[in-house]
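The structure appears below as structure tokens.
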Amino acid sequence: MDRQKVLVTGAAGFIGFNVTKALLDNGNEVVGIDNINDYYDVNLKYSRLNELGINRMKITEKTSVRSEIHPLFKFIKLDITESHEVEGVFANEKFDKVIHLAAQAGVRYSIDNAHAYVQSNLVGFVNILECCRHNSVQHLVYASSSSVYGNNEKIPFSEDDRVDHPISLYAATKKSNELMAYSYSHLFQLPTTGLRFFTVYGPWGRPDMAPMLFANAISKGEPIKVYNNGDMERDFTYIDDIVEGIVGVCNNVPGMGDEKAYYRLFNIGNSKPVRLMDFIACMEKSMGRVALKEMYPIQPGDVKRTYANTESLNKLTNYNPSVPIEKGVEKFIQWFKHYFYEG
């Protein structure tokens, strides 16, 4: 594959960091942007950037920093809601493709922090769409979410299912992203691919997600919060499988003269739902400790079950997740112990 120049937004985030690393390993030129907000511990974000060769002490607002490890990578601390600044980056860099992963994440947080989601997930997204449109970007790949399915009772979740009833503002913003992308694909023949992520986990994961919360509590002998009394299932998907799917999609540009083909939407998950209690059991085994469990009712915005039908993505890119939950949890715990106790 010829070298390409790719923008990764949210490059200091969990998925963005891993995608950036994979693109660089494949010989691509990458520009990463991230506002490094304090939704969760910024030290983890800076540590991810450090793994990519970006020295924290050299990061200043809106100024590019060249990696000390990867000569084809540079990072800019920038908020995607600042349209003029984002336009400048696009104009200067001339990207071939864009992988848009920057967003205000978190279902529960969206209940009390509505404006953060509207700004990042709606205003920020339209800024990215406009820049892609005006700078002849070949392909925009963006993050949607399994949360758009709400309390969908049809199993497994398919891209053809109706998603008209989001049960959190976060889900509503992600559904809005899909609609906005469709309009740009239709009006301007901008090739876009949306990916509905299903519970991604693994090394360098987000501290507000269950795996990190559970590992922290178990390691300290503190109780973990088990919602809906443990009666939940999640389509846990290991980060390496997710990254392989994203890179595969990015290299497969929609279009080919068919107007409708400029817009695509895929589930990206493991297609093997895991009971929450079984997931906790895997963590207990990997950590060699039994978790103290406190049972709670289901939280507002939460769903009982997620389960991805990934046949469409498999057909296009041969996407086939290969990391079983036991192996994925083991790798995550190895990283967790090293990062928090040896690093």
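The values are calculated or read from the model by the stated rules, or taken from the named source; none is laboratory data. Quick caveat: nothing in here was measured; it's all calculated off a predicted structure. Here the Cβ is made from the backbone with ideal geometry for all residues, glycine too, and neighbour counts use every protein chain on show. Protein only, heavy atoms only, side chains kept; ligands, DNA and RNA dropped before computing areas. Shrake-Rupley method; radii C 1.70, N 1.55, O 1.52, S 1.80 Å.
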(message) Going by what's in this entry, would TYR339 be described as of a type in the set (Ser, Thr, Tyr), surrounded by fewer than 20 Cβ atoms within 10 Å (Cβ to Cβ) and more than 18 Å from the chain's Cα centre (by Cα)?
(response) yes
(message) Residues that are in contact with a Pro (Cβ under 8 Å, 6 or more places away or on another chain), without any contact (Cβ under 8 Å) to a residue 24 or more places away in the chain and exposed (fewer than 14 other Cβ atoms within 10 Å of the Cβ): list the strands (runs of 3 or more DSSP E) wholly contained in region 1-66 that include at least 2 such residues.
(response) none
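Each row is one residue, and each column tells you yes or no for (1) touching a residue at least 12 places away in the same chain (Cβ under 8 Å); (2) over 22 Å from PRO156 (Cβ atoms); (3) not β-branched (Val, Ile, Thr).
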| residue | (1), (2), (3) |
| --- | --- |
| ASP241 | yes, no, yes |
| GLY255 | yes, yes, yes |
| ILE268 | yes, no, no |
| LYS272 | yes, no, yes |
(request) Inspect all residues belonging to region 201-210 and state whether any of them is touching a strand residue (DSSP E or B) at 6+ places or on another chain (Cβ under 6 Å) and acidic (Asp, Glu). (result) no
(message) Pairs needed: first member in region 308-328, within 21 Å of LYS285 (Cα to Cα); second member anywhere, aromatic (Phe, Trp, Tyr) and surrounded by fewer than 16 Cβ atoms within 10 Å (Cβ to Cβ); C-beta distance under 7 Å; at least 6 residues apart or different chains.
(response) none
(request) Collect the residues in region 294-328 that are touching a Gly at 6+ places or on another chain (Cβ under 9 Å), surrounded by 13 or more Cβ atoms within 10 Å (Cβ to Cβ) and not hydroxyl-bearing (Ser, Thr, Tyr), keeping them in residue-number order. (result) VAL303, ALA308, ASN309, LEU313, LEU316, PRO321, VAL323, GLY328
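Condition check ((1) over 20 Å from LEU23 (Cβ atoms); (2) part of a helix (DSSP H, G or I); (3) open to solvent by 10 Å² or more (accessible area, probe 1.4 Å)) across all residues:
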position: LEU187; (1), (2), (3): yes, yes, yes
position: ILE218; (1), (2), (3): yes, yes, no
position: VAL226; (1), (2), (3): yes, no, no
position: ASN229; (1), (2), (3): yes, yes, yes
(request) Kindly indicate whether SER110 is open to solvent by less than 20 Å² (accessible area, probe 1.4 Å), free of Cβ contacts under 8 Å to residues at least 60 places away in the same chain and of a type outside the set (Asp, Glu). (result) no
(request) Mind listing just one residue for me: the one in region 191-210 that is open to solvent by less than 20 Å² (accessible area, probe 1.4 Å) and of a type in the set (S, T, N, Q) and, of those, farthest from GLY255 (Cα to Cα)? (result) THR193
(message) For the structure I just gave you, tell me whether ASP208 is under 25 Å from TYR262 (Cβ atoms) and assigned to a loop (DSSP other than H, G, I, E, B).
(response) no
(message) I'd like to check something: does region 126-149 contain any residue that is open to solvent by 20 Å² or more (accessible area, probe 1.4 Å), in contact (Cβ under 8 Å) with a residue 60 or more places away in the chain and within 29 Å of MET232 (Cβ to Cβ)?
(response) yes
(message) So if I check each of ARG264, ARG289, which one is of a type in the set (Lys, Arg), more than 15 Å from PHE198 (Cβ to Cβ) and open to solvent by less than 40 Å² (accessible area, probe 1.4 Å)?
(response) ARG264
(message) Just to be sure before I move on: is LEU213 open to solvent by 50 Å² or more (accessible area, probe 1.4 Å), within 23 Å of ALA116 (Cβ to Cβ) and in contact with a Pro (Cβ under 8 Å, 6 or more places away or on another chain) in the structure I sent?
(response) yes
(request) Given the conditions (1) at pLDDT 95 or above; (2) acidic (Asp, Glu); (3) in a loop (DSSP other than H, G, I, E, B), report the number of the one that GLU130 does not fulfil. (result) (3)
